[in-house]
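Participant: Please see the structure below; I have some questions.
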Amino acid sequence: MLNNLTGWHAVLILVVILLLFGAGKLPALAKSAGQSARILKSELREGATTPTPAPDAPSTATAESSAEPQPRVSSTPPPPSTA
């Protein structure tokens, strides 16, 4: 499909983009696209290096909390005494 594109097609596409966005917005648009690509690459690298836990394996937080019951803490203050 894109095999028939020539240099004139690229020039025509660039002219249309220039008319749509204007000369002042093109540098900001290019900078934004570059930053987005950089963020995407870094997120992909971080996602590939961090292992995901197996869904069947119990986490250590639930194992510790079930071994020792924690005292209940009320978020509402006690009623004032009438003494």
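Participant: Mind checking whether some residue in segment 15-26 is within 16 Å of the chain's Cα centre (by Cα) and of a type in the set (Lys, Arg)? Let's see the steps before the verdict.
Facilitator: If we filter segment 15-26 for residues that are within 16 Å of the chain's Cα centre (by Cα), which is where we start, we get none.
No.
Participant: Okay, moving on. Give the number of residues within segment 3-24 that are open to solvent by 80 Å² or more (accessible area, probe 1.4 Å) and modelled with pLDDT under 85.
Facilitator: Total satisfying the criteria: 4.
The values are calculated or read from the model by the stated rules, or taken from the named source; none is laboratory data. Nothing here was measured: the structure is a model prediction, and the numbers come from that model. Remember, those area values only see protein heavy atoms, side chains included, never the ligands or the DNA or RNA. Shrake-Rupley method; radii C 1.70, N 1.55, O 1.52, S 1.80 Å.
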